[in-house]
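The values are calculated or read from the model by the stated rules, or taken from the named source; none is laboratory data. Everything numeric in this text was worked out from a predicted model, so none of it was measured. Backbone-built Cβ (ideal geometry, glycine too); neighbour counts: all protein chains shown.
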Amino acid sequence: MKQLLVLSGKGGTGKTSVVASLARLAKNAAFVDADVDAADLHLLLHPKVQHREDFYSGFVAKIDPERCVECGTCRDLCRYDAINESFEVDSFSCEGCGLCEWNCPEEAISLEENLSGQWFISETANGPMVHAKLGIAADNSGKLVSLIREKSREVAEKEGKDLILIDGSPGLGCPVIASVSGVDMALLIAEPTPSGLHDLERLLELLHHFQVPAFVVVNKADLDDTMAEKIEVRCAEKGVKSLGRIPFDAAVVKALVAGEVLVDYSAGAAALAVKKIWDRLKLELNLLEN
Amino acid sequence: MKIAITSSGEGLNAPVDERFGRAANFVLVEVDGDERKVETVPNTQNRQAAQGAGIQAAETVHRNGAQILLTGHVGPKAFRALDAAKIEIYSGIKGTVGDALDDYLAGRLQQTHGADVEGHW
Amino acid sequence: MSRTTIAVASGKGGTGKTTLSVALALALAKRGEKVRLIDADAEEPNDHLFLDIEPQDPQEVTIPVPFVDEDRCKGHGRCREVCRFNAIAIMDSKPLIFPELCHGCGACSLACPEKAIEEKPKVVGWLETAETRGVDFIQGRLKIGEPMVVPVIAALREREADEGWTIIDAPPGTSCPVIESSKGTDHLFLVTEPTPFGLNDLELAVGMARALGLTFSVIVNRAGLGERGVYEFCEREGIEIVLEIPFDKHIAATYARGGTLLDADEAWEAKLVELAHNTAKEVRP
């Protein structure tokens, strides 16, 4: 079983749209929406939830005002400025370290498990999908990503899938690092702009650090062919091969607005390009298809 | 010698669990010549840990006195913890716990000298 | 002189936060106003590309990481007991620290009866500055491979201007990095695009803004691109749309070659200055 992660560095380059099309084209795959902060894949794959569970990500301190004598020990110790002058805990700043709890002379502080969100195992037209919804202003997205990836491995093994397709998030911090570990390959969706190039280069450094082999696809490539080529050359220098380019195509947004996957909605230039990219990807992943 | 084997069930007939940090159970086998003393320890606390499950699992194995660990694979943090306690790691186990034990005793398993999967939370 | 801090966030990536933040800062500076622009997307800072500058003078951002003095350690294990992040294991009676899991809370060093744990700084990123066209610029840059960007953003927040405007270009998403970038600001602009993805992520961002008790309004970028969902949502929720940037080939082409909104059309200067002043008036009526 192979795991393919789709990343971009920069947001808005078209990761999710591409993943949805690849999901349609893959014959025996499971899917993961690892962009738990701003999950969008479900808007195209329309999953039906089969199983849902709460996700607890850590702890938050709670001060009992009845016991609190306002000595201020907790405020002095807290490194996150999470306790205000009225001795209320700001749950967004509190890291759940417990320093206040075991140092409170009145034992007025307790730590409560933090319900951060929910994760789901669902069915789509093309296979099982594992996704999540992080609670409003919740944290620890990296842990949630690790959890849904683990669940996807269980589901994929159980159902004999030969591929797990992971829609990653923008950036290169904790949630991306959590999605990178253990994947067989990364597919990078780049846009031909200075931001696109800059962000991609930082991402390449991260992937090199974690020793993940990668391939690149420039999306909306004909917006600037020169920049598209620059990106491909820069990638090639780092051992990242191009699997093709996707031209700018109005059909992409039209499909999105219709809630449909590009390769279903259109037989135009972008859809054809995506299909060709999938064929090349299959070879690189050594996927045997009947 | 005491050997810990990651397992999805209890005792020697249970199928192995290839994961370490979030393995369902550890089957501990004390081998003394032909004698086998078998005990199963559940890993529930670690499975639900938000992070550092592998590290806690290493502590569990160490706390139960095992000097040898048979499992599927270990990540870098777990490896570091096990290595610090000088626990020998053999990876790539398959079949039942009993199969894994036999494979080890017959010298068919390779000792692991580094993490063989990427770490994660 | 008064002080106004505006954060620019979105939920979805690629909606135009940087485009707006840079143009807003430049427009105000052009009018002779005092502006500090903070690029808080420390994972992938882009503002400098459009300002055409090379930020200088890297200052390290560090977090405290514990080290155990093995000579003083008596194996009590208190450090392991108090660590809520499983960043310490006791193997063979010796503590083993896992800095990648450490949150720098200081519990272990405080708990150790032998005072055997010392905290040493670990570099997680840098703050870099530049000045251009009247804008006082500072960006955060996360060290690649470091998982936690929040300490870098927290360090940036300490550099808000004491007077005049501070514009904070936030990262995409709706969780800790964005919260760190936006909390306590006078006003939050949420930049969105009129597509189903834009709408979905705007809803999440609005939830975040409300949970933080922030005053916010919406800016629709690439207006005309998709559909009405975003507008209907804002109307239903009583959220004001304060600006629309049209889906326009010239604007897109200017962006693609690293130009700003002001480069695309000077008329944006007046619009953005007016937006800023109207926003400030609501903050300080």
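Please verify whether the stretch A:120-127 includes one or more residues that are closer than 30 Å to A:ASP199 by Cβ and either within 14 Å of chain C (Cβ to nearest Cβ) or aromatic (Phe, Trp, Tyr) (or both).
Within the stretch A:120-127, one or more residues are closer than 30 Å to A:ASP199 by Cβ and either within 14 Å of chain C (Cβ to nearest Cβ) or aromatic (Phe, Trp, Tyr) (or both).
Yes/no per residue for (1) in contact (Cβ under 8 Å) with a residue 60 or more places away in the chain; (2) out of contact with any Ser or Thr (no Cβ under 6 Å at 6 or more places or on another chain); (3) away from every other protein chain (no Cβ under 12 Å); (4) more than 20 Å from C:ASP92 (Cβ to Cβ):
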{"site": "B:MET1", "(1), (2), (3), (4)": "yes, yes, yes, no"}
{"site": "B:ILE5", "(1), (2), (3), (4)": "yes, yes, yes, yes"}
{"site": "B:SER8", "(1), (2), (3), (4)": "no, yes, no, yes"}
{"site": "B:PHE20", "(1), (2), (3), (4)": "no, no, yes, no"}
{"site": "B:VAL29", "(1), (2), (3), (4)": "yes, yes, yes, yes"}
{"site": "B:VAL38", "(1), (2), (3), (4)": "no, yes, yes, yes"}
{"site": "B:ASN64", "(1), (2), (3), (4)": "yes, yes, yes, no"}
{"site": "B:LEU70", "(1), (2), (3), (4)": "yes, yes, yes, yes"}
{"site": "B:ALA84", "(1), (2), (3), (4)": "no, yes, no, no"}
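Could you check, for the stretch C:129-137, whether at least one of its residues is surrounded by fewer than 22 Cβ atoms within 10 Å (Cβ to Cβ), touching a helix residue (DSSP H, G or I) at 6+ places or on another chain (Cβ under 7 Å), away from every other protein chain (no Cβ under 14 Å) and of a type in the set (Ser, Thr, Tyr)?
Yes: one or more hits.
When the residues of the stretch A:105-119 are narrowed to those that are in contact with a helix residue (DSSP H, G or I) (Cβ under 6 Å, 6 or more places away or on another chain) and more than 12 Å from chain C (Cβ to nearest Cβ), which ends up farthest from C:CYS176 (Cα to Cα)?
Once the filter is applied, the top-ranked residue is A:ILE109.
If a residue has to be under 18 Å from A:ASP90 (Cβ atoms) and either without any contact (Cβ under 8 Å) to a residue 60 or more places away in the chain or surrounded by fewer than 24 Cβ atoms within 10 Å (Cβ to Cβ) (or both) to count, how many in the stretch C:181-197 make the cut? If you could, list the steps in order and put the result at the bottom.
Start the filter on the stretch C:181-197 by keeping residues that are under 18 Å from A:ASP90 (Cβ atoms), which leaves C:181-185, C:188.
If we keep only those that are either without any contact (Cβ under 8 Å) to a residue 60 or more places away in the chain or surrounded by fewer than 24 Cβ atoms within 10 Å (Cβ to Cβ) (or both) as well, we get C:183-184.
Count: 2.
Enumerate the helices (runs of 4 or more DSSP H) found wholly within the stretch C:11-112, keeping only those where 1 or more residues are within 22 Å of C:GLY140 (Cα to Cα). Please lay out each step first, then the result.
Values: elements: C:17-30, C:47-51, C:78-82, C:107-111.
Because the criterion is at least 1 residues that are within 22 Å of C:GLY140 (Cα to Cα), the helices (runs of 4 or more DSSP H) in the stretch C:11-112 that meet it are C:17-30, C:47-51.
Are there any pairs, at least 6 apart or on different chains, whose C-beta atoms fall under 7 Å, with the first in the stretch A:186-203 and touching a residue at least 24 places away in the same chain (Cβ under 8 Å) and buried (at least 24 other Cβ atoms within 10 Å of the Cβ) and the second of a type in the set (Lys, Arg) and not in a loop (DSSP other than H, G, I, E, B), and if so, which?
Qualifying pairs under 7 Å: A:ILE189/A:LYS15.
Residues in the stretch C:112-122: is at least one closer than 20 Å to C:HIS48 by Cβ and more than 14 Å from chain A (Cβ to nearest Cβ)?
Within the stretch C:112-122 (the criterion being closer than 20 Å to C:HIS48 by Cβ and more than 14 Å from chain A (Cβ to nearest Cβ)), the answer is no, since none of the residues qualifies.
Hey, any hits in the stretch A:28-48 for a residue that's part of a helix (DSSP H, G or I), farther than 30 Å from C:LYS17 by Cβ and more than 14 Å from chain C (Cβ to nearest Cβ)? Spell out the reasoning first.
Within the stretch A:28-48, the subset part of a helix (DSSP H, G or I) is A:42-45.
Okay, now just the ones that are also farther than 30 Å from C:LYS17 by Cβ, so none.
No, the stretch A:28-48 has no match at all.
Any residue at all in the stretch A:7-28 that is polar (S, T, N, Q) and surrounded by fewer than 22 Cβ atoms within 10 Å (Cβ to Cβ)?
Pass one, the stretch A:7-28, residues polar (S, T, N, Q): A:8, A:13, A:16-17, A:21, A:28.
Adding the requirement that they be surrounded by fewer than 22 Cβ atoms within 10 Å (Cβ to Cβ) leaves A:28.
Yes, the stretch A:7-28 contains at least one residue that is polar (S, T, N, Q) and surrounded by fewer than 22 Cβ atoms within 10 Å (Cβ to Cβ).
C:GLY106 versus (1) in contact (Cβ under 8 Å) with a residue 24 or more places away in the chain; (2) more than 8 Å from every other protein chain (Cβ to nearest Cβ); (3) more than 21 Å from the chain's Cα centre (by Cα); (4) surrounded by fewer than 22 Cβ atoms within 10 Å (Cβ to Cβ): which is the lone unmet condition?
(2)
Take A:LYS161 and decide whether it is basic (Lys, Arg), touching a residue at least 12 places away in the same chain (Cβ under 8 Å), closer than 22 Å to A:ALA26 by Cα and in contact with a Gly (Cβ under 7 Å, 6 or more places away or on another chain). Let's see the steps before the verdict.
Details: basic (Lys, Arg): yes; touching a residue at least 12 places away in the same chain (Cβ under 8 Å): yes; closer than 22 Å to A:ALA26 by Cα: yes; in contact with a Gly (Cβ under 7 Å, 6 or more places away or on another chain): yes.
Yes, satisfied.
Look through the stretch C:48-62, keep the residues that are facing another protein chain (nearest Cβ under 10 Å) and touching a helix residue (DSSP H, G or I) at 6+ places or on another chain (Cβ under 8 Å), and return whichever of them is nearest to A:LYS10 (Cα to Cα).
Selected residue: C:LEU49.
Taking the stretch C:160-176 only, how many residues are modelled with pLDDT of 95 or more and within 9 Å of chain A (Cβ to nearest Cβ)?
1
Which members of the stretch A:1-27 meet the condition of being in a helix (DSSP H, G or I) and either more than 14 Å from every other protein chain (Cβ to nearest Cβ) or of a type in the set (Phe, Trp, Tyr) (or both)? Give the derivation first.
If we filter the stretch A:1-27 for residues that are in a helix (DSSP H, G or I), which is where we start, we get A:15-25.
Of everything in the stretch A:1-27, those that are in a helix (DSSP H, G or I) and either more than 14 Å from every other protein chain (Cβ to nearest Cβ) or of a type in the set (Phe, Trp, Tyr) (or both) turn out to be A:SER21, A:LEU22, A:ALA23, A:ARG24, A:LEU25.
Does at least one position in the stretch A:103-111 carry a residue that is surrounded by 18 or more Cβ atoms within 10 Å (Cβ to Cβ), on the phi > 0 side of the Ramachandran plot and not aliphatic (A, V, I, L, M)?
Looking through the stretch A:103-111, none of the residues is surrounded by 18 or more Cβ atoms within 10 Å (Cβ to Cβ), on the phi > 0 side of the Ramachandran plot and not aliphatic (A, V, I, L, M).
Can you find even one residue in the stretch A:265-285 that is within 14 Å of chain C (Cβ to nearest Cβ) and touching a Ser or Thr at 6+ places or on another chain (Cβ under 6 Å)? Full working, then the answer.
Residues of the stretch A:265-285 within 14 Å of chain C (Cβ to nearest Cβ): A:265.
From what is left, the residues that are touching a Ser or Thr at 6+ places or on another chain (Cβ under 6 Å) are none.
Within the stretch A:265-285, none of the residues are within 14 Å of chain C (Cβ to nearest Cβ) and touching a Ser or Thr at 6+ places or on another chain (Cβ under 6 Å).
Between a first residue in the stretch C:6-23 that is under 17 Å from C:THR254 (Cβ atoms) and away from chain A (no Cβ under 13 Å) and a second residue that is surrounded by fewer than 24 Cβ atoms within 10 Å (Cβ to Cβ) and polar (S, T, N, Q), which pairs have beta carbons less than 6 Å apart while being 6 or more apart in sequence or on different chains?
Close Cβ pairs satisfying both conditions: C:ALA23/C:THR260.
Among the residues of the stretch C:234-263, what is the count of those that are under 25 Å from the mean Cα position of the chain (by Cα), closer than 24 Å to A:ALA250 by Cβ, surrounded by 15 or more Cβ atoms within 10 Å (Cβ to Cβ) and not polar (S, T, N, Q)?
8
All but one of (1) within 14 Å of another protein chain (Cβ to nearest Cβ); (2) buried (at least 20 other Cβ atoms within 10 Å of the Cβ) hold for C:VAL218; which doesn't?
Every condition holds for C:VAL218 apart from (1).
For the stretch C:77-105, name all the residues that are small (Gly, Ala, Ser) and more than 20 Å from A:ASN140 (Cβ to Cβ). Give the derivation first.
From the stretch C:77-105, those small (Gly, Ala, Ser) are C:77, C:87, C:89, C:93, C:104; that's our starting set.
Those that are small (Gly, Ala, Ser) and more than 20 Å from A:ASN140 (Cβ to Cβ): C:GLY77, C:ALA89, C:SER93.
Here are A:GLY244, A:GLY173, A:GLY259: which of them is of a type outside the set (Val, Ile, Thr) and within 14 Å of chain B (Cβ to nearest Cβ)? Don't jump to the end; show me each part of the working.
Values: A:GLY244 fails: within 14 Å of chain B (Cβ to nearest Cβ); A:GLY259 fails: within 14 Å of chain B (Cβ to nearest Cβ).
The match here is A:GLY173.
Give me the residue from the stretch A:157-170 that is outside any loop (DSSP other than H, G, I, E, B) and either among the hydroxyl-bearing types (Ser, Thr, Tyr) or modelled with pLDDT under 95 (or both) and, out of that set, surrounded by the most Cβ atoms within 10 Å (Cβ to Cβ). Quick ask: steps written out before the conclusion?
Here is the first cut: in the stretch A:157-170, the ones outside any loop (DSSP other than H, G, I, E, B) are A:157-158, A:163-167.
When the remaining residues are screened for being either among the hydroxyl-bearing types (Ser, Thr, Tyr) or modelled with pLDDT under 95 (or both), the result is A:157-158.
Working: A:GLU157: 13, A:LYS158: 10.
If we take residues in the stretch A:157-170 being outside any loop (DSSP other than H, G, I, E, B) and either among the hydroxyl-bearing types (Ser, Thr, Tyr) or modelled with pLDDT under 95 (or both), then A:GLU157 is surrounded by the most Cβ atoms within 10 Å (Cβ to Cβ).
Give the stretch A:73-127 a look and list any residue that's of a type in the set (Val, Ile, Thr) and either touching a Pro at 6+ places or on another chain (Cβ under 7 Å) or in a loop (DSSP other than H, G, I, E, B) (or both), or say none. Let's see the steps before the verdict.
Going through the stretch A:73-127, the residues of a type in the set (Val, Ile, Thr) turn out to be A:73, A:83, A:89, A:109, A:121, A:124.
Within the stretch A:73-127, A:THR73, A:ILE121, A:THR124 qualify.
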